[in-house]
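The values are calculated or read from the model by the stated rules, or taken from the named source; none is laboratory data. Since this is a predicted model, take the numbers as computed values, not measurements. Neighbour counts run over all protein chains shown; Cβ positions are idealised from the backbone, glycine included. Just so you know, the surface numbers come from the protein's heavy atoms only, side chains and all, with ligands and any DNA or RNA stripped out. Shrake-Rupley method; radii C 1.70, N 1.55, O 1.52, S 1.80 Å.
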Amino acid sequence: MDLAWYALLGLFFAGYLVLAGYDYGVGLLLARGGDAARRREALTALGPFFLGNEVWLVAAVGILFGAFPMLEGELLSGCYPAVVGALVGVILVTVGVQLRSRPDDERIRARWDRVVMAGSALAALGWGVVLAALLQGVPRQADGHVAGVSHLVTPFAAAVGLAMVALVAVHGATFLALRLPVEAAAVVGRTARRLVPVALTAVALATAVGLLSARVRDAIQRPAVAVLLPVLLVAALLAAHAALARRRPGWALAATGAALALPVVLVGAALWPYVLVSTTDPGASLSVADAAASAPTLRLLGWVALPLLPALLGFQAMCWWVFRGRTDGRAPVYW
């Protein structure tokens, strides 16, 4: 049962990164210049989705608190600067998007746009650093507590954080290529294609730093699974680039979404049966079974979670159906 809940936790967090990833990608792309009308157009394309996308994070945190209370305590205490930074970024994006439309002064709107940009960068960087911390291990002591936060300021954590920012930017540009009017979509589609080599470079850099890091090599329990991560990321990004070149933004968005889901899935699989690998005391590593709540608690939570997943999937499908097509009312070429 603990494996099923571990998979469900990964599913919700991966879903959050895929869906909220284009929120943050659009936020990052506000920095590419253009007049106020173009920035408003980008946020209008995002508007119907961004609040619903955050629900996946709430669901993932709920599973973490309920099904894995020990992991929740150690993860938040050992990675709190990255987690707090990511959550601050989430709040800034939500507040900025909501409040930018209130004043009539374009200068004030531009300031809120900068808030959205900063929040998007913080959120992407923070979640990337959290994933890096899991993959490289944490200094968990024999008493069961993580000592300090120095493991968050390693070259590998920085490289993975930057790679996440690059992946999110590509994802956001691809989303806009699907949603904006044809003329604007052609421009942002070219931007997305130019961002793919940047993302490939960032993934290659993170891979190289990881291969050179002894702590990363020691923490990984299943090297064959870990090797799949950069390979599949490169394949997904190349598929996105090919789809964009053929003006198939739907396929491209599916590929960039897969690139954001893959790190969550494969990091969890590479660490199995552990969820936190100790870099200081191998005996202090926390397994998934030890991190999980008791079987009766998991069964009780199951009655709550059982209707949650289809409800979330149904809500997301409804949003995409209701707001399908481009913002000018024309249907895009999805596939």
query = What percent do you get for the relative contact order of segment 117-246 when only Cα pairs under 8 Å and 6+ apart count?
reply = 27 percent
task = Taking the Cα centre of segment 50-187 as origin, sum charge times position over the Cβ atoms of Lys and Arg (+1) and Asp and Glu (-1), and report the length of that vector in debye to the nearest 20.
result = 240 debye
ask   = What is the set of long-range amide H partners of L276 at a cut-off below 5 Å, with H atoms built 1.01 Å from backbone N?
value = L286
remark   = Measuring from its Cα centre, the chain shows a charge dipole (+1 at each Lys and Arg Cβ, -1 at each Asp and Glu Cβ) which, in debye to the nearest 20, is 1280 debye
ask   = Put +1 on the Cβ of every Lys and Arg and -1 on every Asp and Glu Cβ in the chain; which of A311, A133, L232 then has its Cα farthest towards the positive end of the dipole?
value = L232
inquiry  = Compute the helix-to-body angle for 2-29: its Cα long axis versus the longest principal axis of the chain, expressed 0 to 90° and rounded to tens.
reply    = 30 degrees
query = If you roll a 1.4 Å probe over segment 20-174 with all protein chains in place, what percent of the accessible area is carbon or sulfur?
reply = 68 percent
note = Of the candidate values (1) 20.9; (2) 18.2; (3) 16.4, the one computed for mean projected area of the Cα convex hull in nm² from this structure is (3)
inquiry  = Below 8 Å, C-alpha to C-alpha, sequence gap of six or more: please give me the relative contact order for the chain in percent.
reply    = 24 percent
inquiry  = Keeping all protein chains in place and using 1.4 angstrom, which order do Y80, Y6, Y16 fall into by accessible surface area, from largest down?
reply    = Y80, Y6, Y16
ask   = Taking only protein heavy atoms and a 1.4 Å probe, what accessible area per residue, in Å², does segment 166-232 have with all protein chains in place?
value = 43 Å²
ask   = Mind checking the angle between helix 182-212 and the chain's longest principal axis? C-alpha axes, 0 to 90 degrees, to the nearest 10.
value = 20 degrees
Angle between the chain longest axis and helix 80-99 axis [Cα atoms, degrees, rounded to 10] = 20 degrees
query = Averaged per residue, what accessible surface does segment 253-335 expose to a 1.4 Å probe, in Å²?
reply = 51 Å²
key: V231 versus A204: modelled label distance in nm, points set 7 Å from Cα along the beta carbon direction   = 1.9 nm
note = Looks like segment 201-335, by Cα gyration tensor root eigenvalues a ≥ b ≥ c and the a/c under 1.5 rounded cutoff (else prolate when a/b is bigger than b/c, oblate otherwise), is oblate
Ellipticity estimate at 222 nm from DSSP helix runs (n ≥ 4, -39,500 (n - 2.57)) divided over the chain, nearest 500 = -26000 deg cm²/dmol
